[in-house]
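Enquirer: Sharing a structure below in structure tokens format, with a few things to ask.
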Amino acid sequence: MRWQGQNISAVDEAALPGLESMGGLVRSVTTPEFAGMTFHEVVAKSALNHVPSGSAMPFSWSVNPYRGCQHACAYCFARNTHTYLDLDAGADFDSQIVVKVNVAEVLARELAKPSWRHEPVALGTNTDPYQRAEGRYTLMPGIIDALTASGTPFSILTKGTLLRRDLPHLTDAATRVPIHIAMSIAIPHEPLRQLLEPGAPSFQARLDTVKAATDAGFSTTVFLMPIVPHLTDGIDVLDDAIARIAASGARRVVFGALHLRPGAKEWFWAWLERECPDLVPAYRGLYPGSSVSAPAGYRSWLSARVRPILQRHGLHGRLEEEDMPPRAGLGAVRTTGAVRTTGPVMKTATREQASAMLF
């Protein structure tokens, strides 16, 4: 693999942070607790990932304690990032998990530098920080501590119910820095969810986590994404999903249609041909050639369908691509003690921006 050089001093500048040389690889681990998984434990050289100023993403910094994701979502936009490690974007992304075992310590050092401007940091922009591996490695408490101690606002986007473990920790941290929590919940029909997101918690389990976060005082956003054409865009499906989201106590919904980026597109296409072959012609029309997004007409139709349902259930919401302002501070967050937030609300414009959850 690219990050396993021929000698311990071999360096690949094109590799992901922490994977530049074989010297960063601590060990590769398999365990019966996670059958079929391999964890590649690495010593990271950096924790903060800087997003280029020309990027359309609504945040400048992110932290990713893991690479690859056990949720195994067939549509995951981040799949192609595994090819940077000479792993494939399909089964390897789901089962070969890179773990930055020293990420909290490195992050604390980076945040302590005089040059750090305390800009918001996004967690969950690439792969989920609360995937099942977090139950083994417990990296997030240290990351939360590092961000909080430095006075850095941050956001978390997850599908993982393991977030509930850290709610007391986050509640305490929110007295000192602005924190925003969002939960990605896309597939309300459980048999379909098990096919599309086989390693992720159920729709209801994630709603229960939203309620727990809400009860802890967080103003929680739900990402109803992706809405999958011909599978989850029916009025009855959307109404059921949004009604349940409203009942969970969520304050806001960001919704959007399926995106199919390189890596994800090939993997999803294989899934579609295997599980729903009758929909292949329709998808060829919606996502022809190298196209990533559903046509503008479909997205407008979807928006017109979802908005009345949100209104009926008393939820604020918007289509992911609408009204994207320049990068700014965090929007609505939990506020306790002396913390107050007055910054503008940030909206999302692409699947990745929605995943950033700084809106």
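Enquirer: So if I restrict to the alpha-carbon atoms in segment 185-323, what is the Rg, and what is Dmax, the biggest pairwise distance, in Å?
Expert: 15.3, 46
Enquirer: For segment 13-182, which semi-axes, largest first and in whole Å, follow from the square roots of 5 times the eigenvalues of its Cα gyration tensor?
Expert: With the √(5λ) rule applied to segment 13-182, the semi-axes are 24, 18, 16 Å.
Enquirer: Next question. Over the Cα atoms of segment 91-165, compute the convex hull volume and normalise it per residue, giving Å³.
Expert: Hull volume normalised by residue count: 97 Å³.
Enquirer: So, one more: About the Cα centre of segment 254-297, how large is the charge dipole given +1 on each Lys and Arg Cβ and -1 on each Asp and Glu Cβ? Please answer in debye to the nearest 20.
Expert: In total the dipole reaches around 140 debye.
Enquirer: Return the long-range amide H neighbours of A257 (sequence gap of 5 or more, or a different chain), with a cut-off of under 5 Å between placed amide H atoms.
Expert: I227
Enquirer: Given H placed 1.01 Å from N in the peptide plane, which residues other than close sequence neighbours of V101 have an amide H under 5 Å from its amide H?
Expert: For V101, the qualifying residues are V42, A44.
Enquirer: Per residue and in Å³, how big is the convex hull formed by the alpha-carbon atoms of segment 128-173?
Expert: Taking only Cα atoms, segment 128-173 has a hull volume of 64 Å³ per residue.
Enquirer: Once you have the Kirkwood Rh of segment 204-244 from its Cα pairs, apply Stokes-Einstein at 20 °C and 1.002 mPa s and quote D in µm²/s.
Expert: For the chosen part, D equals 188 µm²/s.
Enquirer: Continuing with the same structure: Compute the distance from the alpha-carbon center of segment 48-119 to that of segment 261-283, in whole Å.
Expert: Cα centroid to Cα centroid, the span is 26 Å.
Enquirer: Count charges around I245 for me, please; just the other residues with Cβ under 13 Å from its Cβ, Lys/Arg as +1, Asp/Glu as -1.
Expert: That works out to +3.
Enquirer: Let me ask another. Be a star and scan segment 221-243 for residues whose amide nitrogen sits under 19 Å from the point 7 Å along the Cα-to-Cβ vector of H316.
Expert: 221-225, 242-243
Enquirer: Around Y283, with a cut-off of 14 angstrom between Cβ atoms, what is the net charge of the other residues, counting Lys and Arg +1 and Asp and Glu -1?
Expert: Here the charged neighbours net out to -2.
Enquirer: Per the 1.4 Å probe, what fraction of the accessible area of segment 185-323, in percent, lies on carbon and sulfur atoms?
Expert: Answer for segment 185-323: carbon and sulfur cover 55 percent of the accessible area.
Enquirer: Let me ask something else about it. Sort 82-90, 301-309 by the packing proxy (mean of other Cβ within 10 Å over each peptide's residues), most packed first.
Expert: 82-90, 301-309
The values are calculated or read from the model by the stated rules, or taken from the named source; none is laboratory data. Keep in mind it's a predicted model, so treat the numbers as computed, not measured. Note: ideal-geometry Cβ built from the backbone for every residue, glycine included; neighbour counts use all protein chains shown. Protein only, heavy atoms only, side chains kept; ligands, DNA and RNA dropped before computing areas. Shrake-Rupley method; radii C 1.70, N 1.55, O 1.52, S 1.80 Å.
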